[in-house]
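**Q** Structure provided below as structure tokens; questions to follow.
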Amino acid sequence: MEPFIYRRATDASQALALAAAPGAIFIAGGTELLNWLKEGIVRPGTLVDINGLQDLETIDTAPGRLRIGALARMSEVAAHPAVRRDYPAVAEALVRSASQQLRNMASMGGNLLQRTRCPYFRADAPVPCNKRAPGSGCAALRGADRHAAIFGWSDACVATHPSDVAVAFAALDAVVHVQGPQGAREVPFGDFYRLPGDRPQDDTTLRPGELIVAIEVPASAVAARSRYIKVRERASYEFALVSAAVGIDLDGATIRNARIALGGVAPKPWRLRVAERALAGRPFTVAAVRAALESGAFSEARPRRANGFKVDLAKRAVVRAAVGLGAGA
Amino acid sequence: MRIGSELSRKDGRLKVTGSATYTADTQVPGLHYAVFATSAVASATIEALDTSGAERAPGVVYVMTHHNAPRLRPPAPGFGSMTFLPLQSDQIRYEGQPIALIVADSLERAMHAASLVRPSYAVRPAQMSMLERFGPDADAAVFDTLETVTQGYDEPDTRTGDPDAALGSAPVSLSRRYTMGFRHHNPMEPSATIASWDGDRLTLYDTTQHVWGVRSVVAEALGLAADDVRVVSLFLGGGFGCKGFVWPHEILTALAAREARRPVKLVLTRSQMYAACGYQSATVHDVALGASRDGRLVAVAHDVVYANAVPEAFPEYAAAGTRTVYACPAIATRHRVVKLNTIQPTAMRAPNEGMGNFALESAMDELAYELGMDPLELRLRNYAERDPTTGKPYSSKKLREAYHLGAERFGWSRRAPHPRAVRDGNDLVGYGMATALMTTYRFPSAARVRMRADGSVVVESGTQEIGTGVRTIMPQIAADRLGIDPQHVEIVLGDTTLPEAGGTFGSSSTMGVGSAVADAATKLRLAILRTAIADKASPLYEARLEDLEVHPDGAVTPRGSPTRRDAYAAVVARSGREAIEAEGSWAPGGDVLGTGDYAMYTFGAVFVDVRVEADFGITRVARCVGAYSAGRIINPKTARSQMTGGMIWGIGQALLEQSETDAELGRFVSKNLAGYLVPANADVGALEAYFVDEVDPHASPLGAKGIGELGATGVAAAIANAVYHATGVRVRDLPIRPELLLG
Ligand SMILES: Cc1cc2nc3c(=O)[nH]c(=O)nc-3n(C[C@H](O)[C@H](O)[C@H](O)COP(=O)(O)OP(=O)(O)OC[C@H]3O[C@@H](n4cnc5c(N)ncnc54)[C@H](O)[C@@H]3O)c2cc1C
């Protein structure tokens, strides 16, 4: 552990100013950050505590959208009646995340910025990991890769992103609101995370010093009829082996619009746009969903030695979600 | 509240309110903090070690490396410690090996300084692969090239009859390979040691399952007389075996405190726990069974490959149980060792029998399907009335009753004969069973029981409390022998200033310590009553000893004369002494196993109901029923919690637990509880444990045997067998992973 300076901000502009210090990093719930400090994954010069930014705590369910402040706690969002009613995939993803104690502490903004659970990234000792020490190599390429990505990985990094709720946000076309030294901007969820390429150390497109203020999810028929399925070996308190967020907008028994995102398979929530397109206009049946999943949706999948099963498992998770949403036989 | 009654845990409140003093909670004035810097490579020579940054770091008072550490006398090869000690040479033999020990005035400063140690190594290739070499498809011939480890207490290889010939001519035979991954103990409480010197005398507050073992190994290593070392261990937050042996960190903390001239506390981090206090080796089992068409075994062969650390010799006789479970004229077992660059593997809850049980009981299940026979019927048909390998009678065995009791409570008769026959929604439902079996380990122990003038009783014994209930059942045993209510009885334990007891491992405490306590309490009762009848001031003066009767509140009367009353407390008070006390002891005869003319085991039958999520291949245990034949049960309540804890242990072994290794980096891949999965409450279905009525007159004077590890056996095999019944897929490699079941 390295000594660091601790500063507490009371509003966004003060937080941004403090974040300009060299090696500064925000701390919200601290449920991720403290692990990183202990393992030496980050060595910040200054911790900027943003828990005093009360504006960032609100959950606003005005008609037309859900706006979740970055400091809203996962447990509050999960229990919110309007979230459960109009955005069920979001609520389901949250209650299946971490543990109640962690959810009480963990913020929504921090959740999006949690980092991979790849055991090499999380190692107690320096082992080759380009995400952690750029240029050091990727031990998972040769080593334990059962949990690795099947989509979107590069020769520099095969890690997956672990957030559950991010998968639901990706499916429901959420937008991330940020404020930075250069002002405020909105980042569509599809552009928020980046693929590793040769820069796996950068998980997102956030710029230095930028603060997440809120996540906004547009209200829609897809959101209202959405589900989150999480497949994991331990029955609770465990990250997904694979997961699927599925939303369906129906016109009678016909699919008007479908949204499918997968978790546990890629460095970011993985939208299955090919399958979504294949489903539009089709009857909402298990057979149609299966056919859509076989229509090239997985052609980009590049399984590794020990994780080929994720292709099959992911398809099954999507089908299960569709059945839960009332897909016909 | 005599022996056999359901006394609740006497230390329950202390523990749940956080007021029990665990080792790291111990307050010692002037305490400093030790932190290890460890090696990131597994096999190397240290070429240079730059500690200048650490030495200059704020708060640092001492830095110990192989350059300046005084030379220790390495522990002799044997059972309870490692012969190789870090910080004694430039040799690195395992990843995570300490290369420097920093002592500073705060934990954070010591951690920071440790991060500034800069080693450089001449790295050699490390050996870390095991299952890869010996996994399902490996060449069986490799076996014969491997070494054996022989330890005094048992043979690595046994052979009765001619299994090869019998297998060749058996009407039905099968030969299968089973594997189990590396596992770590992961007790909730990480290991901690506080060392405090007073001149040449050392006190160690230590997380150990055996204060006496620590005392002798540390004294030996530091060249001290054993009497100059005091070891204290009041409460343990679990051990499961990883605190049973004496590890380098315990010795090095004592050394550092001496060199730094201040009391020093070392607490291992969670990740250090994966390379500092053992692990359970992965194992490869080749099992061959031959049987007649009506299911009588004619041949059993069980070969095991397991791992040892490069310089060490630890016996993990995983096929030991196979020597005794079933009646069979031809049984062969063999054990061979692969040397790895790791910390020494060690015993983990249900070692030996507990591991091989998965392989043998899986093979028996396979044989039952091959024969078209109910798996329970196959076990009954091969019931052993005598130990088939030694020919000795069992000291006691009511396994047949346990099979029937378990089957009845479980509802085994409802089982569908064929696999993949029952579905419940998205779940495939399966039933499986297995025999549970564990050796009876017993160790000599002593105890003292003191009756004070206020009527309170103290039991004193240098045993340890690892969560099993020792603080409850020892007072219960003493109260039983004294004839009083256990609420008056407390225990003082975990200190080498007390009478010496065996280690809290091998499920041995009830027999060893319990028998010693019973002996002491019996003698104390006699001593007090004798004092009373010799005392003119006592209403019992000159009463006959045989007539006296003790009441739960400690009153003593002649039988039938309730008004002629004295009391234990009054006798002590009149004696003018602070307390009247008696010492007791017990030792098994003979060698370490000391079973003499008897084969001594505990037995059980485990039945499980699993649900395999058909689409995802995820297995959950809906129900587990165990019925056990395990001698007299001292306290059914704490005993049941031992058994259900063992079942949960088995669920982890079957479905979740594995420490993956990275052969290239020479390390265990995940060293934390996010990467190493143990069951959460949601993974545990309904658990039921039953005991058949039994007294073992040979195992201990109490008629009791050990139970703590028995509950962890049988479960993994029963689950794997139930998974087959549910899905039709036979999984021979633990843990059972969903990708194997995505049919
Ligand atoms: C044991 C364990 C199990 C878990 N299981 C799951 C699970 O199953 N599913 C799941 O989805 N998650 C899981 N998590 C992750 C958990 O959800 C995150 O740790 C939590 O959401 C992080 O939020 P926080 O407020 O504590 O973030 P912090 O730890 O405070 O910060 C995390 C990161 O986010 C940055 N940050 C925080 N807020 C902002 C902001 N407003 N703007 C910019 N940067 C910010 C910090 O600088 C830091 O880099 C688990 C975590 C643990 C420890």
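The values are calculated or read from the model by the stated rules, or taken from the named source; none is laboratory data. If you're wondering where the values come from, they're calculated on a predicted model, not measured in any experiment. Methodologically, a virtual Cβ is constructed for each residue, glycine included, from the backbone with ideal geometry; neighbour enumeration extends over all protein chains shown. Note: areas computed on protein heavy atoms with side chains; ligands, DNA, RNA excluded. Shrake-Rupley method; radii C 1.70, N 1.55, O 1.52, S 1.80 Å.
**Q** Tell me, which residue of the range A:190-234 that is free of Cβ contacts under 8 Å to residues at least 40 places away in the same chain and away from the ligand (no atom under 12 Å from the Cβ) is least open to solvent (accessible area, probe 1.4 Å)?
**A** Across the range A:190-234, the extreme among qualifying residues is A:GLU233.
**Q** Further, regarding this structure: So, in the range B:650-663, of the ones that are more than 7 Å from chain A (Cβ to nearest Cβ) and out of contact with any Asp or Glu (no Cβ under 9 Å at 6 or more places or on another chain), which residue ends up nearest to B:TYR628 (Cα to Cα)?
**A** In this case the residue turns out to be B:GLY650.
**Q** Can you name the condition, by its number, that B:GLY432 falls short on among (1) of a type outside the set (A, V, I, L, M); (2) over 23 Å from B:ASP294 (Cβ atoms); (3) crowded, with 21+ Cβ neighbours inside 10 Å?
**A** So B:GLY432 meets the others, but not (2).
**Q** Shifting gears a bit: Within the set of pairs 6 or more residues apart or between chains, which connect a residue that is within 14 Å of chain B (Cβ to nearest Cβ) and within 13 Å of the ligand (Cβ to nearest atom) inside the range A:10-30 to a residue that is open to solvent by 30 Å² or more (accessible area, probe 1.4 Å) and among the small types (Gly, Ala, Ser) with Cβ atoms less than 9 Å apart?
**A** none
**Q** Condition (residue is within 13 Å of chain A (Cβ to nearest Cβ) and farther than 13 Å from B:VAL715 by Cα) applied to the range B:567-587: is it met by at least one residue?
**A** Looking through the range B:567-587, none of the residues is within 13 Å of chain A (Cβ to nearest Cβ) and farther than 13 Å from B:VAL715 by Cα.
**Q** Ok, one more. How many residues does the range A:190-248 contain that are under 25 Å from A:ALA21 (Cα atoms) and either within 14 Å of chain B (Cβ to nearest Cβ) or touching a helix residue (DSSP H, G or I) at 6+ places or on another chain (Cβ under 9 Å) (or both)?
**A** Going through the range A:190-248 one residue at a time, the tally reaches 11.
**Q** Check whether at least one residue in the range B:45-55 is open to solvent by less than 30 Å² (accessible area, probe 1.4 Å) and within 14 Å of chain A (Cβ to nearest Cβ), and report yes or no.
**A** yes
**Q** Right, another one. Spot the failing condition for B:GLY685; the list is (1) assigned to a strand (DSSP E or B); (2) within 14 Å of chain A (Cβ to nearest Cβ); (3) crowded, with 23+ Cβ neighbours inside 10 Å, and only one is missed.
**A** Going through the list (1) assigned to a strand (DSSP E or B); (2) within 14 Å of chain A (Cβ to nearest Cβ); (3) crowded, with 23+ Cβ neighbours inside 10 Å, B:GLY685 breaks only (3).
**Q** Continuing with the same structure: Answer yes or no as to whether A:ALA144 is in a loop (DSSP other than H, G, I, E, B), out of contact with any strand residue (DSSP E or B) (no Cβ under 9 Å at 6 or more places or on another chain), open to solvent by 10 Å² or more (accessible area, probe 1.4 Å) and more than 14 Å from the ligand (Cβ to nearest atom).
**A** no
**Q** Moving on. Can you tell me how many residues within the range A:7-30 are within 24 Å of A:SER75 (Cβ to Cβ), small (Gly, Ala, Ser) and surrounded by fewer than 16 Cβ atoms within 10 Å (Cβ to Cβ)?
**A** The qualifying residues number 0.
**Q** So, one more: Does the range B:523-545 contain at least one residue that is more than 30 Å from B:THR23 (Cα to Cα), outside any loop (DSSP other than H, G, I, E, B) and of a type in the set (Ser, Thr, Tyr)?
**A** Within the range B:523-545, one or more residues are more than 30 Å from B:THR23 (Cα to Cα), outside any loop (DSSP other than H, G, I, E, B) and of a type in the set (Ser, Thr, Tyr).
**Q** So which of A:LEU37, A:LEU33, A:LEU71 is within 14 Å of chain B (Cβ to nearest Cβ), open to solvent by less than 30 Å² (accessible area, probe 1.4 Å), within 11 Å of the ligand (Cβ to nearest atom) and under 28 Å from A:ARG122 (Cα atoms)?
**A** Of A:LEU37, A:LEU33, A:LEU71, the one residue that is within 14 Å of chain B (Cβ to nearest Cβ), open to solvent by less than 30 Å² (accessible area, probe 1.4 Å), within 11 Å of the ligand (Cβ to nearest atom) and under 28 Å from A:ARG122 (Cα atoms) is A:LEU37.
**Q** Mind checking which pairs have a first residue in the range B:676-701 that is without any contact (Cβ under 8 Å) to a residue 40 or more places away in the chain and a second that is open to solvent by 50 Å² or more (accessible area, probe 1.4 Å) and not in a loop (DSSP other than H, G, I, E, B), Cβ under 8 Å, 6 or more apart or different chains?
**A** Close Cβ pairs satisfying both conditions: B:PRO679/B:ILE648.
**Q** Something else about it: Conditions: (1) without any contact (Cβ under 8 Å) to a residue 40 or more places away in the chain; (2) polar (S, T, N, Q); (3) touching a Leu at 6+ places or on another chain (Cβ under 6 Å). A:ASN104 meets all but one. Number of the miss?
**A** (3)
For every residue, the table says whether it meets (1) open to solvent by less than 30 Å² (accessible area, probe 1.4 Å); (2) more than 14 Å from chain A (Cβ to nearest Cβ); (3) of a type in the set (Ser, Thr, Tyr).
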{"residue": "B:ASP609", "(1), (2), (3)": "yes, yes, no"}
{"residue": "B:ASP615", "(1), (2), (3)": "no, no, no"}
{"residue": "B:ILE618", "(1), (2), (3)": "yes, no, no"}
{"residue": "B:CYS624", "(1), (2), (3)": "yes, yes, no"}
{"residue": "B:MET643", "(1), (2), (3)": "yes, yes, no"}
{"residue": "B:LEU665", "(1), (2), (3)": "no, no, no"}
{"residue": "B:ASN672", "(1), (2), (3)": "no, no, no"}
{"residue": "B:ASN681", "(1), (2), (3)": "no, no, no"}
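**Q** Still on this structure: Search the range B:690-725 for residues being of a type in the set (A, V, I, L, M, F, W, C) and open to solvent by 10 Å² or more (accessible area, probe 1.4 Å), and hand back the single one that is farthest from the other protein chains (Cβ to nearest Cβ).
**A** Residues of the range B:690-725 that are of a type in the set (A, V, I, L, M, F, W, C), as a first pass: B:691-692, B:695, B:699, B:702, B:704, B:707, B:710, B:712, B:715-720, B:722-723.
The next check asks that each one be open to solvent by 10 Å² or more (accessible area, probe 1.4 Å); those that pass are B:691-692, B:695, B:707.
Working: B:PHE691: 29, B:VAL692: 32, B:VAL695: 40, B:ILE707: 27 Å.
For the range B:690-725, the residue satisfying everything is B:VAL695.
**Q** Could you go through the range A:91-105 and let me know if any residue there is away from the ligand (no atom under 11 Å from the Cβ), over 16 Å from A:ARG232 (Cβ atoms) and surrounded by 23 or more Cβ atoms within 10 Å (Cβ to Cβ).
**A** Yes; the residues of the range A:91-105 include at least one that is away from the ligand (no atom under 11 Å from the Cβ), over 16 Å from A:ARG232 (Cβ atoms) and surrounded by 23 or more Cβ atoms within 10 Å (Cβ to Cβ).
**Q** Exactly one of (1) within 14 Å of chain B (Cβ to nearest Cβ); (2) within 10 Å of the ligand (Cβ to nearest atom) is unmet by A:ARG43. Its number?
**A** Every listed condition holds for A:ARG43 apart from (2).
**Q** Select from the range B:504-523 the residues that are crowded, with 24+ Cβ neighbours inside 10 Å and not aliphatic (A, V, I, L, M) and list them in ascending order. Give the steps one after another, and end with the answer.
**A** Initial filter on the range B:504-523 (crowded, with 24+ Cβ neighbours inside 10 Å): B:504-518, B:520-521.
B:THR504, B:PHE505, B:GLY506, B:SER507, B:SER508, B:SER509, B:THR510, B:GLY512, B:GLY514, B:SER515, listed by residue number.
**Q** Taking A:THR61, is it in contact (Cβ under 8 Å) with a residue 12 or more places away in the chain, out of contact with any strand residue (DSSP E or B) (no Cβ under 6 Å at 6 or more places or on another chain) and within 14 Å of another protein chain (Cβ to nearest Cβ)?
**A** So A:THR61 fails the test.
**Q** Counting only residues that are farther than 26 Å from B:PHE36 by Cα, open to solvent by 30 Å² or more (accessible area, probe 1.4 Å) and not basic (Lys, Arg), how many does the range A:112-141 have?
**A** Residues in the range A:112-141 being farther than 26 Å from B:PHE36 by Cα, open to solvent by 30 Å² or more (accessible area, probe 1.4 Å) and not basic (Lys, Arg): 4 in total.
**Q** For the range A:161-189, enumerate the residues that are away from chain B (no Cβ under 14 Å), within 13 Å of the ligand (Cβ to nearest atom) and under 11 Å from the mean Cα position of the chain (by Cα).
**A** Scanning the range A:161-189 gives A:HIS161, A:SER163, A:ASP164, A:VAL165, A:ALA166, A:VAL167, A:ALA168, A:PHE169, A:ALA170.
**Q** Name, by its number, the condition in (1) open to solvent by 10 Å² or more (accessible area, probe 1.4 Å); (2) more than 22 Å from B:SER169 (Cα to Cα) that does not hold for B:GLU316.
**A** Answer for B:GLU316: the failing condition is (1).
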